[in-house]
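Heads up: the structure comes next, in structure tokens.
Values quoted throughout were computed directly from the atomic coordinates according to the rules given, and no laboratory measurement underlies them. Predicted model, so just to flag it, every value in this text is computed and none were measured. Cβ: placed from backbone, ideal geometry, glycine included. Neighbour counts: every protein chain shown.
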């Protein structure tokens, strides 16, 4: 399925006193990966929200293998797991500059209509882009 690669430089404020990325910050790296994945497809979260669709996260699973450290350049590989329905599922791998696998993760998000606050099917424009 469709993949995107996003490079991120670890900032000092994202680390603990040992210079290691604080575990909670990885969720932000995953979000950055998803945002760039969507942008490469031709959409943005902002555009989707302007079209009354939100994508709240309903599941997050992370396996920490090796730490990322201050000033490391990390690469987030974001992969769509399958064609979305009412939910969209991603798998992630985060590598350092030496290509060491640091983290594997997955997220599930649902498509939500901003007016009704109810779950809805994935928008046709997204499905069309993914299947053409």
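Here 44, 106 are placed in order of increasing Cβ neighbour count within 10 Å, fewest first, which gives 44, 106.
Residues within the reach of a label modelled at residue 97 (point 7 angstrom out along Cα to beta-carbon, backbone nitrogen below 19 Å), restricted to segment 57-88, are 66-77.
Between the C-alpha center of segment 24-50 and that of segment 70-124 there is a gap of 8 Å. With the simple model of a label 7 Å out from the Cα in the direction of the Cβ, residue 27 to residue 86 spans 2.3 nm. Residue separation of residue 124 and residue 52 scaled by 0.36 nm, minus their Cα-Cα distance, works out to 24.5 nm of gained length. For the chain, the longest principal axis of the Cα atoms and the long axis of helix 26-41 meet at an angle of about 50 degrees. Within the listed set 36, 14, 50, the residue fluctuating most in the Gaussian network model of the chain (springs between alpha-carbon atoms under 10 angstrom) is 50.
For 111, 95, the sequence from fewest to most other C-beta atoms within 10 Å is 95, 111. Relative contact order, whole percent, for the chain stands at 28, derived from Cα pairs under 8 Å and 6 or more residues apart.
The distance between label points at residue 41 and residue 2 comes to 0.5 nm (points 7 Å beyond Cα on the Cα→Cβ vector).
Averaging 1/r over each pair of different alpha-carbon atoms in the chain and inverting the result gives 15.5 Å, the Kirkwood hydrodynamic radius. Rank 82, 115, 63 by mean-square fluctuation in a GNM of the chain with C-alpha springs under 10 angstrom and give only the top-ranked residue. Ranking 82, 115, 63 by mean-square fluctuation puts 115 first.
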